[in-house]
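S.K.: Can you read through this structure? Questions will come right after.
The values are calculated or read from the model by the stated rules, or taken from the named source; none is laboratory data. As the structure is a computational prediction, the values presented were derived from the model and not from experiment. Cβ placement follows ideal geometry from the backbone for every residue including glycine, while neighbour counts extend to all protein chains displayed.
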Amino acid sequence: MSYSLSIYVAELDRVRSAIGSRDDKLRRMIGGRFKAQLAHADDWFADEIDAGAPSRFDAVRAVIDGGPFQSEYGFQYAYAYQTICQFYGRFLDNRYFSPFRGSWLEQVDEGLAELGIKAISVADFRYHALPAALPAPDDLPGYGEWTPEQCAEALVQWESATPKQREGIDHEVLAAIESCVEWIREAQARPGWGIAGFFF
């Protein structure tokens with residue numbers, strides 16, 4: 001089975017503030033901009049929706065309204081949160097993380113550690129670190145964040161790594177790490193922005 005990461009650079013506080021904001025304008029704008037995407041998601045999860053899960057748009061509405069939530073369908077609210085990240089942020093190049101198999105995220109984390117980069121972890125995106133106001137999904141998607149502070153620290157750690165250290169890293173792992181550094185640079189270019197990652 002293969003997996004994928006979807007990575008966004010976003011103002012994390014602004015994304016979180018959408019939860020329970022009751023912002024009807026935001027809800028309408030998301031519904032308009034992502035109409036086709038929301039419909040495609042409903043087709044993909046048609047069986048679950050038939051069994052009682054909310055549609056993707058209804059999940060977005062619930063997140064913006066702060067509930068009510070059906071906890072057994074936590075995956076829909078996680079995907080709704082992804083849609084809000086997409087609305088406020090920008091999708092980043094994930095070519096080294098889509099698709100991937102097995103322990104790839106752990107291999108990249110090992111490479112990061114060998115370079116002395118300990119402020120971030122790609123494997124953290126596997127877990128369910130959604131804001132506490134949202135029900136956690138039983139399975140996928142996973143979610144994690146790199147805060148602006150973590151990004152700043154990781155960039156310093158990357159720049160402190162020597163050419164010899166970098167040469168010692170497997171070339172595919174190093175390419176993935178360099179991709180992570182590009183994500184971080186994107187975040188650092190915008191004060192207060194960080195990285196939001198979804199694992200599927």
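S.K.: Consider only pairs whose beta carbons are under 8 Å apart and that are at least six residues apart or on different chains; among these, list those whose first residue lies in the stretch 17-37 and is within 19 Å of Ala133 (Cβ to Cβ) and whose second residue is of a type in the set (Lys, Arg) and outside any loop (DSSP other than H, G, I, E, B).
M.R.: Between residues of the stretch 17-37 that are within 19 Å of Ala133 (Cβ to Cβ) and residues that are of a type in the set (Lys, Arg) and outside any loop (DSSP other than H, G, I, E, B), the close pairs are Arg27/Arg61.
S.K.: Does the stretch 71-126 hold any residues that are closer than 17 Å to Ile169 by Cα and polar (S, T, N, Q), and which are they?
M.R.: The answer is Ser103, Gln107, Ser121.
S.K.: Filter the stretch 88-119 down to residues that are at pLDDT 95 or above and within 18 Å of Phe199 (Cα to Cα), then give me how many there are.
M.R.: Here is the first cut: in the stretch 88-119, the residues at pLDDT 95 or above are 88-100, 103-119.
Filter once more, so that each one left must be within 18 Å of Phe199 (Cα to Cα): 89-100, 103-109.
Qualifying residue count for the region: 19.
S.K.: Would you tally the residues in the stretch 17-36 being of a type in the set (Lys, Arg) and buried (at least 18 other Cβ atoms within 10 Å of the Cβ)?
M.R.: Residues of the stretch 17-36 that are of a type in the set (Lys, Arg), as a first pass: 22, 25, 27-28, 33, 35.
Of the ones still in play, those that are also buried (at least 18 other Cβ atoms within 10 Å of the Cβ) are 27.
Matching residues across the stretch 17-36 total 1.
S.K.: Quick check on my filter: what residues within the stretch 155-188 are in contact (Cβ under 8 Å) with a residue 40 or more places away in the chain and aliphatic (A, V, I, L, M)?
M.R.: Result: Ala161, Ile169, Val173, Leu174, Ala175, Ala176, Ile177, Ile184, Ala187.
S.K.: Moving on. Tell me which residues, restricted to the stretch 29-57, are part of a loop (DSSP other than H, G, I, E, B) and either among the polar types (S, T, N, Q) or in contact with a helix residue (DSSP H, G or I) (Cβ under 7 Å, 6 or more places away or on another chain) (or both). Walk me through it before giving the result.
M.R.: Within the stretch 29-57, the first condition is being part of a loop (DSSP other than H, G, I, E, B), and the residues that meet it are 34, 45, 51-55.
Listed by number, the residues that qualify are Phe34, Ala53, Pro54, Ser55.
So that you can scan it fast, the table gives a plain yes or no per residue for (1) within 26 Å of Met29 (Cα to Cα); (2) among the acidic types (Asp, Glu); (3) more than 17 Å from the chain's Cα centre (by Cα); (4) surrounded by fewer than 20 Cβ atoms within 10 Å (Cβ to Cβ):
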residue	(1), (2), (3), (4)
Cys85	yes, no, no, no
Pro99	no, no, no, yes
Ala113	no, no, yes, yes
Lys118	no, no, yes, yes
His128	no, no, no, yes
Ala132	yes, no, no, yes
Tyr143	yes, no, no, no
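S.K.: Still on this structure: Only one residue in Leu130, Leu140 is closer than 30 Å to Phe75 by Cα and at pLDDT below 95. Which one? Can you show your working first?
M.R.: Numbers: Leu130 fails: at pLDDT below 95.
After applying the criteria, what remains is Leu140.
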